[in-house]
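The values are calculated or read from the model by the stated rules, or taken from the named source; none is laboratory data. None of these values were measured; they are calculated from a predicted model. Quick reminder, even Gly has a Cβ in these numbers, built from the backbone with ideal geometry, and neighbours come from all protein chains shown.
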Amino acid sequence: MEWTNSVSIFHDDVTYILRDEIPKYTLPYIDDVPIRGPKTQYELPGGRVETLDRNPRIRKFVFEHLENVNRILQRMKHARGTFSGPKTTICSDYITIVGFECSYERKKPTSNTIGKILCWRPCENTTDIRAFLETVVQYRNHIPNFVMVAVMGIKGNLILKQG
C-alpha cells in the first residue's frame, strides 16, 4: 500500500476520534493535540483564586482543565491511540505552538518569527509580495492597522518598480 496520504489520513483519524472536543477544547494539528484550559482562573479579590468546595487545596480552574485533559486522553485510549511521554506537556502556563508563544494572558508571535519578517528583503515582483503577505497575514492580529500597512507596502513596491 502506498503511504502518500498517510499524514492527512492520520490527521483525519485524530480529528474523528476527538470530534466531540473540537473546537471547544482542542484543535488537533496532525499529531499535536493542544488542550485549552478554562478561559478564566476564577480570580478573587486580593490575588486569590477560587478553589473547590469539597477540597479547598485544589484550584477550580486546574480541576476543570484536568477533567478536560482526562476526557481527551480517555478518548484516545479508547481508540487505542498513544501519546509520546517525552513530548507531552500537561498543564503548562506557557507553550510555543506553530510560531506563537501562548499563555493564559495572551498569544504573541515568537521573536524568531518576527525576526524573519523584519529581515525580509524588499519585494521585487508580485510573487515576492504574495509570499510576504502569506507570511505576515498569520500575525495580522498583532500588527495594528494590518490592512493599511499591507496596502501601503504593496503600493510602495509598485511605485518603486515603475519609477
* Name the residue, out of 26, 89, 4, 40, that is free of Cβ contacts under 8 Å to residues at least 60 places away in the same chain and farther than 21 Å from residue 105 by Cβ. => 4
* To do: State which residue pairs qualify: first residue among the hydroxyl-bearing types (Ser, Thr, Tyr) and inside segment 139-154, second residue modelled with pLDDT of 75 or more in any location, beta carbons under 6 Å apart, and separation of 6 or more residues or different chains.
  => 139/109
* Given (1) touching a residue at least 12 places away in the same chain (Cβ under 8 Å); (2) in a loop (DSSP other than H, G, I, E, B); (3) assigned by TED's automatic domain parsing to the domain that holds residue 13, index of the condition residue 76 fails -> (2)
* Asked: What is the residue count in segment 116-131 for residues that are more than 18 Å from residue 100 (Cα to Cα) and either β-branched (Val, Ile, Thr) or in a helix (DSSP H, G or I) (or both)?
  -> 6
* Checking residue 91 against (1) in contact with a strand residue (DSSP E or B) (Cβ under 7 Å, 6 or more places away or on another chain); (2) modelled with pLDDT under 85; (3) on the phi > 0 side of the Ramachandran plot, the condition it does not meet -> (1)
* Regarding residue 77, is this residue in contact with a helix residue (DSSP H, G or I) (Cβ under 9 Å, 6 or more places away or on another chain) and of a type outside the set (Phe, Trp, Tyr)? -> no
* Just for segment 101-115: of the residues that are part of a helix (DSSP H, G or I) and not hydrophobic (A, V, I, L, M, F, W, C), which one is farthest from the chain's Cα centre (by Cα)? -> 115
* **Members of segment 72-88 found to be basic (Lys, Arg) and either at positive phi or modelled with pLDDT of 85 or more (or both), listed by number** => 75, 77, 80
* To do: Look at segment 24-63 and say how many of its residues are within 19 Å of residue 95 (Cα to Cα) and assigned to a loop (DSSP other than H, G, I, E, B).
  => 14
* **Looking only at segment 23-39, and only at residues there that are among the aliphatic types (A, V, I, L, M) and surrounded by 13 or more Cβ atoms within 10 Å (Cβ to Cβ), the one that is nearest to residue 84 (Cα to Cα)** => 33
